[in-house]
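**Q** Following this message is one structure expressed as structure tokens.
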Amino acid sequence: MDGERTTPMAALKQTLLSLSVSLSYYCIGLVRGYSAPAVPSMHETAPGLLPSKNIASWVSSIPPFGAFFGSLVAFPLMHRIGRKYTVLIASPLWAASWILIATANDWRVLFVARMLSGFGAGLCLPAAQVYVSECSDPKIRGVIGSLPALSMSFGILVMYIMGKFLEWRLLAWICCGMACCLFLAVACFPQSPVWLKTRKQYEKAHVSAKWLHLQGFSVDPKAGSGVAPSAHSATTGERNEKCQLDAPPPKPFSKEALLRREILIPLGIGLVLLSIQQLSGIDAVVFFTVEIFRAAGSTMDSHLATILVGTVQVLSNIAALFVVDRAGRKPLLIMSGLIMCMAMASMGAAFHLNSIGNTCFGYLPMISLIVFMIGFSIGFGSIPFLLMGELFPTAQRSLLSSLAGSFNLAMMFTVIKTYHPLEDLITASGTFLMYSVLCALGVVFVITCVPETKGRELESIQKLFERPSVHRHEELECGKGASHDNAGFTASEEIARDHAKPLEKRSIDTKL
């Protein structure tokens, strides 16, 4: 496998599939970015449609609430009908929601339509990413797997650009057309061969993998299970047979398994990182960008400033792809948190200066949000999701990722919905200063609690959360035969060999 290279035809087909499926994330970006230009447009062209600031807040913030339920429904759908058809189901849901928005004459219709659009986003968030990952070779999976996230940022930017020139109803009709394009683009591609194999549809899996030119993909139902045991594994099995009988491993989703230290600590770290991601105020900025610029007294055109912020986010996301594996996760998270902290403090200062009549810093809101977007994109924008795949144990990864994703969407809804009440309670300046303090607390959490996973194998990462004393005790009791390089070693000899390794390494280094 290491010597195999992805052929041009394989790269072409897999990239085309990824681009087509990434249209779903582009549509999610349209949903997320719609309220920023649309709500001001509604106030200008249909003043009675959103009769109060509270109703406008609900219409803007309800999509993540719908996405929360969509993400819960997505996993059984992905299992039963596959990743492809789960993405396809979102297309008619989005088309219906945009038609309702375009023809709405009552805020209740807008409310239901926005919630329906969020439900479609919740279906696609896990399904599209898994679909792309399962249909790409490992050699190009890193780049191809990043296309959905880039497409979402690009969708937000396109919505900002269109919102400067088009009124809200026409925006909705254009988004309806994009939802139809998504269905046509994805329908012509095959199902995920990995999913087909799990459903025991081996012939279809073979055809799908062959069309995609996937390397190293086997549809043999006996692959991996028909290998004859070696003498080492036979000896190991005899040595540990009694230990396995005395202490059978718990089922992956049993209460005993889920309440273990190596499950709870990674889950806690993941949930706190996702909380910091949202409590930084990112989606309050995305959903209310135009309104924020106007309220802050920016001397720059609010729509143009919004477009600049969206452009910076897209470019920062692209740049982050080339940094994350070089600088490491933890340094980027720390740098990201510090930049966001300073940017939100600067934004709070801009609101305070405007409230006391000082208009000498008209460009401060734009500069602050641009810096904030750069800081967010290089760290907290993507690394929490990356760490979920690295920190969560393999056996429980699907369940924990589902819970974390739903939690993230619930936090997103909470932040968006509380923006206007906080603005009334503690002023806009106080709200952004609060976001700044929360970013600073996030930096402290990363420094003290988040491990560095750069360059580590997944198994070694999971061992970071085990109790060392218990781990060594189990090795002594059970012989830990499966980890020995030589089946003849006893547990005591293994410990002695481990102590001798530094001396051996020192001798080798001296010779070199």
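The values are calculated or read from the model by the stated rules, or taken from the named source; none is laboratory data. Owing to the predicted nature of the structure, the values given are computational and were not obtained by experimental measurement. For neighbour counting, all protein chains shown are included, and Cβ atoms are generated from backbone atoms with ideal geometry for every residue, glycine included. Surface areas here come from the heavy atoms of the whole protein model, side chains and all, with no ligands, DNA or RNA. Shrake-Rupley method; radii C 1.70, N 1.55, O 1.52, S 1.80 Å.
**Q** Quick check on my link table: of K84/K417; K13/K84; K84/K200, which ones sit more than 25 Å apart, alpha carbon to alpha carbon?
**A** Distance filter (> 25 Å) returns K84/K417.
**Q** Still on this structure, please answer the following. Output wanted: per-residue J couplings in Hz (rounded whole) for segment 14-19, from phi through Karplus 6.51 cos²θ - 1.76 cosθ + 1.60, θ = phi - 60°, x for Gly and Pro.
**A** 5, 5, 4, 4, 5, 5
**Q** With θ set to phi - 60°, apply the Karplus curve 6.51 cos²θ - 1.76 cosθ + 1.60 along segment 420-429 and write out the HN-Hα couplings as whole Hz, x wherever there is a Gly or Pro.
**A** Working through the residues one at a time gives 5, x, 5, 4, 6, 7, 10, 6, 5, 4 Hz.
**Q** Please give the per residue accessible area of segment 1-65, computed with a probe of 1.4 Å over protein heavy atoms only, in Å². List each step's numbers first, then the result.
**A** On the way: 2570 Å² over 65 residues.
Heavy-atom SASA per residue in segment 1-65 reads 40 Å².
**Q** Further, regarding this structure: Show H303, H43 ordered by accessible area, largest first, where the area counts protein heavy atoms only and the probe is 1.4 Å.
**A** On the way: H303 30, H43 85 Å².
From most accessible down to least: H43, H303.
**Q** Could I ask something else about it? What's the ranking of 157-167, 424-434 by average number of surrounding C-beta atoms within 10 Å, highest first? Please report the intermediate quantities before stating the final value.
**A** Values: 157-167: 19.3, 424-434: 17.7.
Ranked from most to least packed, the peptides come out as 157-167, 424-434.
**Q** In addition: In square angstrom, rounded to the nearest 10, how much accessible surface does F154 have for a 1.4 Å probe?
**A** 100 Å²
**Q** Just report the Cα centroid separation between segment 405-456 and segment 142-194, whole Å.
**A** Segment 405-456 and segment 142-194 have Cα centres spaced 27 Å from each other.
**Q** Tell me the accessible surface of S275 in square angstrom (1.4 angstrom probe, heavy atoms of protein chains only), to the nearest ten.
**A** Probe radius 1.4 Å; accessible area of S275 about 20 Å².
**Q** Work through the residues other than P63 whose Cβ is under 13 Å from its Cβ and net out their charges, Lys, Arg +1 and Asp, Glu -1.
**A** Values: positive: R32, R114, K417; negative: D283.
With Lys, Arg at +1 and Asp, Glu at -1, the neighbours total +2.
**Q** Continuing with the same structure: Using +1 at the Cβ of each Lys and Arg and -1 at the Cβ of each Asp and Glu in segment 84-220, identify which of L171, A113, I144 lies farthest towards the dipole's positive end.
**A** Of the listed residues, the answer is I144.
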